[in-house]
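Enquirer: Quick one: the structure is below, and I'll ask about it shortly.
The values are calculated or read from the model by the stated rules, or taken from the named source; none is laboratory data. Predicted, not measured: the structure shown is a model, and the values here were computed from it. Every residue, glycine among them, receives a Cβ derived from its backbone with ideal geometry; neighbour counts consider all protein chains shown. Only protein heavy atoms, including side chains, enter the accessible area calculation; ligands, DNA and RNA are left aside. Shrake-Rupley method; radii C 1.70, N 1.55, O 1.52, S 1.80 Å.
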Amino acid sequence: MSEKNPGSVEDRQADHGAGRDYSQVTTKVGYGPNSVTLRDNRTGAEAELPILSSSTGGFDVIDLGRLSGDFNRLKTLDPGYPHTASTVSNITYIDGEQGILQYRGYPIEQLAEQSTFMETAYLLREGELPTKDQLAVFEQEMADHANVPDDVVDVLYAMRNKHPMAMISAAVTALADEHPQSQVPPHHMIAKMPTIVANAFRISRGDDFMEPDKNRPYTERFLHMCFADDRGRYESNPVLTEAMDKIFILHADHEQNASTSTARTVVSTGADPVVAIASGINALWGPKHGGANQAVLLMLDEIGTVDRIPEFVARAKDKDDSFRLMGFGHRIYKNFDPRARIIKAHADEVLSSLHVQDEKLAIARELEQIALQDEYFIARKLYPNVDFYSGIILRAMNFPPNMFTPIFEQGRIAGQVAHMEEVVGKPDPITRPYQLYQGPKKRDFVPMERRDDEPGMTIVPDDHPELV
Ligand code: CMC
C-alpha cells in the first residue's frame, strides 16, 4: 500500500488543472493512511476513499469522487454545504479559525496596504503579480473596454425605480449571449462593471447616463461617473479614491462564497460566463451575504443611540425573534474577519480626512464591544465581518445604503472573473446535487369531484391507506 497521498491537490492540478477529472483518484484502491473507510453497517459493505490535502495546510477533504458498487444508492446529505468542498481551486485561501485570507498566496493585509485594485485583479486572474508593463497593458485594456452598448443603457433607464442590485444584474444579463457566441470575454466585465454600477447610481437618482472617461485611472473613473455633474465636472479627492480602491481589494474574492458558487453552478451548465456572473450578482444581494452592508447601516439607524444597544443585542439572542446582528458572524470565519480589521482601522482615517463626524461609528464600536464580551457571541464564535464597518465609510463618501452592495459587487467582479476563467473550457461536471426525498409516496390522481371542499384537505385514495 502506498504511503503517498495519491490524489493531492498538487497532483491533480499538475495532471489535469484545477477542479477536474476525479476518476483517477477514486477508482484506485489501497490509499494507505491517507484515506477513510466508509462502512455501511447494514450490509458490511466498505469503500476506501482518499484524503486530499490542501497546498497550504487548510482543510483536508475526503474525495467522494464516483462512489460506486454497493454505495451507488447512498448519497451524502449536507444542507448549505458546511462540510462540503464543491471544487478544487487555486485562487483564494481562507483559514477561518485563524482569520487568514490570501489571494494567490498573498496575505490580504499586504495587498490592502501595498497593492491597487487593478494589480489585484490581474493577480487573481493570472496567478502572479504583474510587471510594470503587464500592468500598464491590463489597465489600458480595462479603459478600452469600459464602454457598454446602448441596450445596456436602455435597461438601466427602464429599471431606474428598482433597487440598484436589480439594475446591475439586469444590465449584466443584457451583455450576455449564447455561449460561446458571447461578444464579451469574462475579463472585460472588470472593465464594464464600473460603468454599470456607477450609472445605476446616477440613473436611479435621476441623473443622465455618463460615458466612462478613459483617460482616468480605473477607480477614479468609477468615482467620476458616480459623482460628476451632468457636464462632467468632478473634483477628484485622492483620499476618497484610495479608500475606494482598498474597499475593492478587500472585496475582490472570497473563494467559494454563495455568489461565486452560484456563478460556478451556472457556468457548469455551459451557459455564458457573463450570465453566470449576473446570477452571482443576484445571489450576492441577500442580507446574509453581500446585502449585509446595507442591512448594517439600516440596523445602526434603527438602534439610533448607544443606550439602545443592549435591547438589540437581546433581540439578536432571542430565538423567537428573527432579528440578527447584521455584520456579525460568518460561515467560514470563527475569528475576526481579517477584512473587518482592515476596514475598521481605515474608517477613522477616512472619516477624519473627509471631515465627517458620524455618530454611527460610535454606535458600531460600542455594539462590537458589547457583543464580543457576550457569552452568546463568544460561544458561537461570532465576530464582526467585512460588512460591519464598510457601510460607515461608504456613507461618509456620500453613497446611499442601497449602493453598498453594488459596490461590494464592483470589487467582487475581479474574483468572479478569475473563477469563471478557472472553469471555462475545463469545467467541473454540471452541478446537480441529489436530495433526500421525504414527500408523499406514489399515489393516484384524485379527480376534482372526489376532493374535499375544505381548502388544503387532500382525500386519501382508497387504495393508499398508508398515506393517512
Ligand atoms: N446574530 C445573532 N446570532 C447569529 C448571527 C448573528 N449575526 N449569526 C449567527 N448566529 C447564530 C445562529 O442563530 C446560530 O445559533 P444556534 O446555534 O443557537 O442556532 C449560530 O449562530 C450559527 O449560525 P448559522 O446561521 O448556523 O451560521 P451560518 O454559518 O449558517 O451563517 C451567516 C453565517 C453569515 C449567514 C450568519 O452569521 C448571519 O446571518 N450573519 C448576519 C449577516 C451578515 O453579516 N452576513 C455577512 C457575511 S460577510 C459577507 C460575505 O462574505 O458574504
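Enquirer: Inside region 192-207, can you point out the residues that are closer than 13 Å to residue 409 by Cα and either hydrophobic (A, V, I, L, M, F, W, C) or open to solvent by less than 10 Å² (accessible area, probe 1.4 Å) (or both)?
Expert: 193, 194, 195, 196, 197, 198, 200
Enquirer: Tally the residues that are surrounded by 11 or more Cβ atoms within 10 Å (Cβ to Cβ) and away from the ligand (no atom under 11 Å from the Cβ), restricting the search to region 299-313.
Expert: Selection size over region 299-313: 8.
Enquirer: One residue is enough: does region 164-187 have a residue meeting the conditions within 16 Å of the ligand (Cβ to nearest atom) and in contact (Cβ under 8 Å) with a residue 12 or more places away in the chain?
Expert: Yes: region 164-187 contains one or more residues that are within 16 Å of the ligand (Cβ to nearest atom) and in contact (Cβ under 8 Å) with a residue 12 or more places away in the chain.
Enquirer: Here are 252, 191, 198: which of them is in contact with a Gly (Cβ under 8 Å, 6 or more places away or on another chain) and on the phi < 0 side of the Ramachandran plot?
Expert: Working: 191 fails: in contact with a Gly (Cβ under 8 Å, 6 or more places away or on another chain); 198 fails: in contact with a Gly (Cβ under 8 Å, 6 or more places away or on another chain).
That would be 252, the only listed residue that is in contact with a Gly (Cβ under 8 Å, 6 or more places away or on another chain) and on the phi < 0 side of the Ramachandran plot.
Enquirer: Only one residue in 393, 407, 413, 342 is β-branched (Val, Ile, Thr), open to solvent by 30 Å² or more (accessible area, probe 1.4 Å) and more than 12 Å from the ligand (Cβ to nearest atom). Which one?
Expert: So the residue among 393, 407, 413, 342 that is β-branched (Val, Ile, Thr), open to solvent by 30 Å² or more (accessible area, probe 1.4 Å) and more than 12 Å from the ligand (Cβ to nearest atom) is 342.
Enquirer: Considering each residue of region 352-389, count those that are within 11 Å of the ligand (Cβ to nearest atom) and more than 19 Å from residue 331 (Cα to Cα), and give that number.
Expert: 1
Enquirer: Next question. If I go through region 38-75 residue by residue, how many of them are charged (D, E, K, R) and assigned to a loop (DSSP other than H, G, I, E, B)?
Expert: Number of matching residues: 7.
Enquirer: Would you check which residues across region 55-92 are on the phi > 0 side of the Ramachandran plot and of a type in the set (Ser, Thr, Tyr) and list them?
Expert: 81
Enquirer: Just checking, how many residues over region 78-95 are part of a loop (DSSP other than H, G, I, E, B), of a type in the set (A, V, I, L, M, F, W, C) and within 16 Å of the ligand (Cβ to nearest atom)?
Expert: 2
Enquirer: Of all residues in region 318-336, count the ones that are crowded, with 16+ Cβ neighbours inside 10 Å, within 7 Å of the ligand (Cβ to nearest atom) and in contact (Cβ under 8 Å) with a residue 24 or more places away in the chain.
Expert: 6
Enquirer: Which condition breaks for residue 284 when tested against (1) more than 16 Å from the ligand (Cβ to nearest atom); (2) crowded, with 18+ Cβ neighbours inside 10 Å?
Expert: Unmet condition: (1).
Enquirer: Can you tell me which residue in region 250-270 is farthest from residue 429 (Cα to Cα), limited to those that are surrounded by 24 or more Cβ atoms within 10 Å (Cβ to Cβ) and hydrophobic (A, V, I, L, M, F, W, C)?
Expert: 250
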